[in-house]
1. Of everything in segment 12-35 that's over 20 Å from MET130 (Cβ atoms) and touching a Leu at 6+ places or on another chain (Cβ under 9 Å), which residue is surrounded by the most Cβ atoms within 10 Å (Cβ to Cβ)?
2. I'd like the residue in segment 172-212 that is at pLDDT 95 or above and among the aromatic types (Phe, Trp, Tyr) and, out of all such residues, is farthest from the ligand (Cβ to nearest atom).
3. Looking at this structure, is ALA8 of a type in the set (A, V, I, L, M, F, W, C) and without any contact (Cβ under 8 Å) to a residue 60 or more places away in the chain?
4. In segment 114-168, which residues are polar (S, T, N, Q), touching a residue at least 24 places away in the same chain (Cβ under 8 Å), within 14 Å of the ligand (Cβ to nearest atom) and in a helix (DSSP H, G or I)?
5. Is one or more of the residues making up segment 104-113 surrounded by fewer than 20 Cβ atoms within 10 Å (Cβ to Cβ), assigned to a loop (DSSP other than H, G, I, E, B) and within 14 Å of the ligand (Cβ to nearest atom)?
6. Yes or no: ILE91 among the hydrophobic types (A, V, I, L, M, F, W, C), assigned to a helix (DSSP H, G or I), more than 9 Å from the ligand (Cβ to nearest atom) and within 27 Å of GLU228 (Cβ to Cβ)?
7. With (1) more than 15 Å from the ligand (Cβ to nearest atom); (2) under 24 Å from ALA132 (Cβ atoms) as the list, and PRO5 as the residue in question, which single condition is left unmet?
8. When you go through PRO103, PRO135, PRO123 one by one, which is the residue that is more than 14 Å from the chain's Cα centre (by Cα) and closer than 20 Å to ALA178 by Cβ?
Amino acid sequence: MTAAPQDAWDFSDQVIVVTGGTRGIGLGIIRYLARAGAKLAVTGRKPARLEAAQEELDALGVDALFLASDVGDAEACRDVIARTAERFGRIDGLVANAQSLRPVTPLAEVTAKDVAVVFNTGPMGTLWLMQAVLPHMQAQGRGRIVTLGSAMGNTGAPGYGPYSAAKEAIRSLTRTAAREWGKFGITVNCVCPASVAHRMPPEDEGARATAFAAMYANQALGRDGDPEEDIAPTVGFLLSDASQYVTGQTLMVDGGGILRA
Ligand SMILES: NC(=O)c1ccc[n+]([C@@H]2O[C@H](COP(=O)([O-])OP(=O)(O)OC[C@H]3O[C@@H](n4cnc5c(N)ncnc54)[C@H](OP(=O)(O)O)[C@@H]3O)[C@@H](O)[C@H]2O)c1
């Protein structure tokens, strides 16, 4: 018998790896997946953020593994996947979310270090994680991989040259992985947020309003995205069986911002 529609959103037997799950979008994703019953492996670098996220999930009774790991280190990426498989015995989903940034820099002044940081932690880290998780998903005959691009890759935002290029490289890897691994029951899709302004201090609402008024003028939904309410549900869809016939795609989760780019 065909499963009930709501069963597609039940993650209670699933193990999902979320890199960079201790802040911002990643933290919103682990909160969402925790509510959906998933078992989680969560990475980040700063111990205090890992501890805070662990305390939060422990209080909810979530079975979760927290690992300090730099996504720019290929061996560390492989270790995250190996330790997750060892702990839970399976891996159903990977959300390759972690990405380091560099200060806003005009293209004429970009250095080799600027490029190395965003490419090592962006497309290269994403690739090492995808490679490491492949045999586990292949053995299960099912897997879901979600990568993180950015609307900036499409809009060519001044000052963000290497970052935008790195996020577009992730989208390209996503398409190739989708084509090569579809035969194993693995789907690979990319989510592109535009502005998820969780780093703006909430107490400074005046500055926030000013900064965002221009950005959102004439934009369809006219506001920044919320990690848990706006971005995580789309990631959840791509991890679920509701998206089993969707692969190699980019979903712009940007409040319609791309429509005016
Ligand atoms: N926020 C936006 O408006 C926006 C828009 C488009 C796309 N995105 C994409 O969405 C993803 C999340 O963005 P965000 O704004 O939520 O980022 P964020 O607030 O800076 O949080 C990044 C998370 O990743 C971890 N992290 C950063 N560098 C890492 C590394 N080298 N190795 C392991 N963990 C690392 C951070 O923890 P530690 O610092 O402790 O390592 C943190 O948990 C990124 O891929 C980003 O490019 C964001």
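The values are calculated or read from the model by the stated rules, or taken from the named source; none is laboratory data. It should be emphasised that the depicted structure is a prediction, and the values quoted were computed from it without experimental measurement. Here the Cβ is made from the backbone with ideal geometry for all residues, glycine too, and neighbour counts use every protein chain on show.
1. THR22
2. Per the stated criteria, the residue is PHE184.
3. Against the criterion (of a type in the set (A, V, I, L, M, F, W, C) and without any contact (Cβ under 8 Å) to a residue 60 or more places away in the chain), ALA8 does not qualify.
4. ASN120, THR121, THR126, ASN154, THR155
5. Taking every residue of segment 104-113 in turn, at least one turns out to be surrounded by fewer than 20 Cβ atoms within 10 Å (Cβ to Cβ), assigned to a loop (DSSP other than H, G, I, E, B) and within 14 Å of the ligand (Cβ to nearest atom).
6. no
7. (2)
8. Criteria check complete, one pass: PRO135.
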